[in-house]
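K.L.:
Before anything else, here's the structure in question.
The values are calculated or read from the model by the stated rules, or taken from the named source; none is laboratory data. The structure presented is a predicted model; accordingly, all values stated were derived computationally and were not measured. We place every Cβ from the backbone using ideal geometry, glycine too, and count neighbours over all the protein chains shown. We work out accessible area using only protein heavy atoms, side chains counted, and drop any ligands, DNA or RNA first. Shrake-Rupley method; radii C 1.70, N 1.55, O 1.52, S 1.80 Å.
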Amino acid sequence: MTVHRSLWLHESLASETATPLLEGKARADVIIIGGGYVGLWTALRIKELEPSCDVAILERDICGGGASGRNGGFVLTWWPKFPTMAKMFGDSEALRLVRASESAVDALGDFCRENAIDAEFTQAGWLWTATSSAQMGAWEAVVRASERLGLDTFIRLSPHEVARRSGSPVHRAGVVERKAATVQPAALVRGMRNVALRRGVRIYEGTLVRGFARERPVVVTTDSGTITADRAVIAMNAWAASVQELRRSIAVISSDIVATEPIAQRLAEIGWSGGECITDSQMMVCYYRTTRSGRIVFGKGGWGIAYGAGIGPALDRDAGRAHLVEADFRRYYPMLEGVSISDDWCGPIDRTMDGLPLLGRLGGRDHILYGIGWSGNGVGPSYIGGRILASLALGRTDEWSQCALVDRTSRSFPGEPVRFVGGNVVRTAVITKERAEAADRRPPWLAVQLAKLAPSGLEDKE
Ligand SMILES: Cc1cc2nc3c(=O)[nH]c(=O)nc-3n(C[C@H](O)[C@H](O)[C@H](O)COP(=O)(O)OP(=O)(O)OC[C@H]3O[C@@H](n4cnc5c(N)ncnc54)[C@H](O)[C@@H]3O)c2cc1C
């Protein structure tokens, strides 16, 4: 069966040579399971720190076949989670991590430049907006926290300016975060893969890991062979829900995207020509940006919920959910009537309860590490994930292996079938609430109460 690929991957999978399958028995110093941003940043960082380390990446599909080649390409910082981080880790560690996430945006741009990767890196900021009265001021706690620290992270915009920059008066208010960027996500991940290959990382694409022993050395079993290593890194994103120890840490939900045909002239007419990426402030967030070829890529998180670790074809593409996303696009940009949708796709999100990633030692074993739970904000932060996981894999004691994200615990999700049934009830409540709010109606009381049970989203709210 052919896999449904994102527009981004179609644009990026040009003329690369395939990597071999893992066959028979092999050995490596470090095995990484998963060839997305997290796995690749980890491999690249290990090679930077210890060039002689023998690193192998095992990827069931192609590098970027998961979320890294399908996402919206928003390169955001952790500022929207600053209040949560400050509560959990204290102000100074929270600020250190948020600052690191800002540096990650720059580092990503530098990496592309230095390695001649044309990932369309564009640093034009993030417009964090309200599209209903219920969303007004959703950013206040975060913006005020930054202002209290004397930082000019966000620029407060007049309602007129928000509508002008976004190209639609649906946007009633908002702020812009200057640091954020956009990328063509698949060009980035495929570029990273090629740099990793050049730096001596062994990559086995098309190699599905069936399981791994917990003893040291780690023996990993694939469909066609086994590979033994001193250390293993689980960088499997939502697929990590199949790992016993991680099962209850994440819930797998969908994020769905539609892309328009190229409409550069229409974008210029409506005034959305600054390259900003935009979100509204719904729990089921709408996120949208323009591309270099003049398309709008418009996505929404949270329509679909997977049962356990069941990641099937409906998490590659789902026509019904794509229609719902298109409806939001049409609602936000009614003046673009007649513009057609050329592509749609989706992918799985590894949502944690608090919206922050989980990195650490699997069941306390320092030879099996994991970095999961990016919760829909992984393009920029995965760079930090790579630094943390590389330091852990090399047994180093440094600012990364000792940061507050390592070995932290987060509230667990219930086991199945409660998670799936409960998740759908809560999701229905969120939809009911947000539909009422979009129409500036008061949502039903029960929907409001049930919606409070939803895991924390992309951003912190008052
Ligand atoms: C539609 C969508 C839109 C998004 N938009 C944004 C955005 O705009 N900004 C943002 O910051 N984040 C966004 N995200 C999230 C972001 O894409 C992820 O957080 C990020 O890509 C995570 O990287 P990763 O390496 O952990 O995951 P992945 O790229 O998914 O990599 C994990 C890899 O592991 C492989 N794998 C899994 N199981 C096995 C196995 N058993 N054996 C071998 N290989 C295995 C998978 O095939 C996959 O390639 C979005 C996600 C989706 C799905």
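K.L.:
Is there any pair linking a residue in region 48-75 that is open to solvent by 10 Å² or more (accessible area, probe 1.4 Å) and basic (K, R) to one that is near the ligand (Cβ under 9 Å from one of its atoms) and part of a loop (DSSP other than H, G, I, E, B), with Cβ under 6 Å and at least six apart or on different chains, and which?
P.N.:
R60/L208; R70/S6
Matching residues to (1) closer than 30 Å to A306 by Cα; (2) free of Cβ contacts under 8 Å to residues at least 24 places away in the same chain:
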| residue | (1), (2) |
| --- | --- |
| V201 | no, no |
| L208 | yes, no |
| A229 | no, no |
| A232 | yes, no |
| A238 | yes, no |
| R247 | yes, no |
| A268 | no, yes |
| E276 | no, no |
| Y287 | yes, no |
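K.L.:
I would also like to ask the following. Out of all the residues in region 125-153, which are touching a residue at least 60 places away in the same chain (Cβ under 8 Å), among the hydrophobic types (A, V, I, L, M, F, W, C) and buried (at least 18 other Cβ atoms within 10 Å of the Cβ)?
P.N.:
Quick first cut of region 125-153, residues touching a residue at least 60 places away in the same chain (Cβ under 8 Å) only: 125-135, 137-142, 145-146, 153.
Within this subset, residues satisfying the condition of being among the hydrophobic types (A, V, I, L, M, F, W, C) are 126-128, 130, 134, 138-139, 141-142, 145.
W126, L127, W128, A130, A134, A138, W139, V142, A145, listed by residue number.
K.L.:
Turning to a different aspect of this structure: Exactly one condition in (1) more than 29 Å from A181 (Cα to Cα); (2) open to solvent by 10 Å² or more (accessible area, probe 1.4 Å); (3) touching a residue at least 24 places away in the same chain (Cβ under 8 Å) is false for R351; which is it?
P.N.:
Of (1) more than 29 Å from A181 (Cα to Cα); (2) open to solvent by 10 Å² or more (accessible area, probe 1.4 Å); (3) touching a residue at least 24 places away in the same chain (Cβ under 8 Å), only one is false for R351: (1).
K.L.:
Moving on. Any chance you could count how many residues in region 46-59 are within 12 Å of the ligand (Cβ to nearest atom) and in contact with a helix residue (DSSP H, G or I) (Cβ under 8 Å, 6 or more places away or on another chain)? Before the answer, list the steps.
P.N.:
Going through region 46-59, the residues within 12 Å of the ligand (Cβ to nearest atom) turn out to be 56-59.
Cutting the leftovers down to in contact with a helix residue (DSSP H, G or I) (Cβ under 8 Å, 6 or more places away or on another chain) gives us 57, 59.
Selection size over region 46-59: 2.
K.L.:
Residue check: is A187 part of a helix (DSSP H, G or I) and closer than 24 Å to W272 by Cα? Before the answer, list the steps.
P.N.:
Details: part of a helix (DSSP H, G or I): yes; closer than 24 Å to W272 by Cα: yes.
Here the answer is yes, as A187 does meet what is asked.
K.L.:
For region 377-394, indicate whether the set of residues that are open to solvent by 50 Å² or more (accessible area, probe 1.4 Å), out of contact with any strand residue (DSSP E or B) (no Cβ under 6 Å at 6 or more places or on another chain) and over 25 Å from W139 (Cα atoms) is non-empty. Please lay out each step first, then the result.
P.N.:
Here is the first cut: in region 377-394, the residues open to solvent by 50 Å² or more (accessible area, probe 1.4 Å) are none.
No; the residues of region 377-394 include none that is open to solvent by 50 Å² or more (accessible area, probe 1.4 Å), out of contact with any strand residue (DSSP E or B) (no Cβ under 6 Å at 6 or more places or on another chain) and over 25 Å from W139 (Cα atoms).
K.L.:
Of the residues R210, R231, which single one is more than 9 Å from the ligand (Cβ to nearest atom) and of a type in the set (K, R)?
P.N.:
Values: R210 fails: more than 9 Å from the ligand (Cβ to nearest atom).
One residue alone meets the criteria, R231.
K.L.:
Now, a different point. Can you name every residue in region 192-202 that is within 24 Å of L359 (Cβ to Cβ) and either more than 22 Å from the chain's Cα centre (by Cα) or of a type in the set (G, A, S) (or both)?
P.N.:
The initial filter retains those residues of region 192-202 that are within 24 Å of L359 (Cβ to Cβ), namely 192-193, 195-196, 199, 201-202.
A196, R199, V201, R202 - these are the residues of region 192-202 that are within 24 Å of L359 (Cβ to Cβ) and either more than 22 Å from the chain's Cα centre (by Cα) or of a type in the set (G, A, S) (or both).
K.L.:
Here's something else I'd like to know. Looking only at region 166-208, count every residue that is among the charged types (D, E, K, R) and buried (at least 19 other Cβ atoms within 10 Å of the Cβ) and tell me the total. If you could, list the steps in order and put the result at the bottom.
P.N.:
Within region 166-208, the subset among the charged types (D, E, K, R) is 172, 177-179, 190, 193, 198-199, 202, 205.
After this cut, where a residue has to be buried (at least 19 other Cβ atoms within 10 Å of the Cβ) as well, the list is 177, 179, 190, 193, 202, 205.
Qualifying residue count for the region: 6.
K.L.:
Specify the residue that is farthest from R45 (Cα to Cα); the eligible residues are those in region 193-210 that are outside any strand (DSSP E or B) and β-branched (V, I, T).
P.N.:
Let us first name the residues in region 193-210 that are outside any strand (DSSP E or B), namely 193-201, 206-208.
Of the ones still in play, those that are also β-branched (V, I, T) are 195, 201, 207.
On the way: V195: 12, V201: 11, T207: 22 Å.
Among them, the one singled out is T207.
K.L.:
In region 114-124, is there at least one residue being in a helix (DSSP H, G or I), open to solvent by 10 Å² or more (accessible area, probe 1.4 Å), at pLDDT 95 or above and not aromatic (F, W, Y)? Please lay out each step first, then the result.
P.N.:
Within region 114-124, the first condition is being in a helix (DSSP H, G or I), and the residues that meet it are 114.
Narrowing the set further to residues that are open to solvent by 10 Å² or more (accessible area, probe 1.4 Å) leaves 114.
So of that shortlist, the ones also at pLDDT 95 or above come out as 114.
Next, from what is left, pick out any that are not aromatic (F, W, Y): 114.
Yes: one or more hits.
K.L.:
Which one is least open to solvent (accessible area, probe 1.4 Å) among residues in region 311-341 that are in contact with a helix residue (DSSP H, G or I) (Cβ under 9 Å, 6 or more places away or on another chain) and within 20 Å of G69 (Cβ to Cβ)?
P.N.:
So the residue we want is L315.
K.L.:
Looking at region 213-260 only, could you name the residues that are within 25 Å of D318 (Cα to Cα), over 18 Å from the mean Cα position of the chain (by Cα) and open to solvent by 40 Å² or more (accessible area, probe 1.4 Å)?
P.N.:
S242, R247
K.L.:
For R164, state whether it is away from the ligand (no atom under 15 Å from the Cβ) and in contact (Cβ under 8 Å) with a residue 40 or more places away in the chain.
P.N.:
On the way: away from the ligand (no atom under 15 Å from the Cβ): yes; in contact (Cβ under 8 Å) with a residue 40 or more places away in the chain: yes.
Spelling it out, R164 is indeed away from the ligand (no atom under 15 Å from the Cβ) and in contact (Cβ under 8 Å) with a residue 40 or more places away in the chain.
K.L.:
Looking only at strands (runs of 3 or more DSSP E) that fall completely inside region 331-418, which ones have 1 or more residues that are away from the ligand (no atom under 15 Å from the Cβ)? Walk me through it before giving the result.
P.N.:
Numbers: elements: 341-351, 358-361, 368-372.
Per the criteria, 341-351, 358-361.
K.L.:
Considering each of D460, D440, D407 in turn, give the residue that is at pLDDT 95 or above and of a type in the set (D, E, K, R). Outline the logic, then answer.
P.N.:
On the way: D460 fails: at pLDDT 95 or above; D440 fails: at pLDDT 95 or above.
Selected residue: D407, the only one of D460, D440, D407 that is at pLDDT 95 or above and of a type in the set (D, E, K, R).
K.L.:
What tally of residues in region 14-45 results from selecting those that are assigned to a loop (DSSP other than H, G, I, E, B) and within 14 Å of the ligand (Cβ to nearest atom)? Please lay out each step first, then the result.
P.N.:
If we filter region 14-45 for residues that are assigned to a loop (DSSP other than H, G, I, E, B), which is where we start, we get 14-23, 34-36.
Now drop any that are not within 14 Å of the ligand (Cβ to nearest atom), which leaves 19, 21-22, 34-36.
Qualifying residue count for the region: 6.
K.L.:
Kindly indicate whether any position in region 268-276 is open to solvent by less than 10 Å² (accessible area, probe 1.4 Å) and either within 11 Å of the ligand (Cβ to nearest atom) or of a type in the set (A, V, I, L, M) (or both).
P.N.:
Within region 268-276 (the criterion being open to solvent by less than 10 Å² (accessible area, probe 1.4 Å) and either within 11 Å of the ligand (Cβ to nearest atom) or of a type in the set (A, V, I, L, M) (or both)), the answer is no, since none of the residues qualifies.
K.L.:
Which one of these is in a loop (DSSP other than H, G, I, E, B), at pLDDT 95 or above and closer than 23 Å to E416 by Cα: S249, S293? If you could, list the steps in order and put the result at the bottom.
P.N.:
Values: S293 fails: closer than 23 Å to E416 by Cα.
Just a single option satisfies the conditions, and that option is S249.
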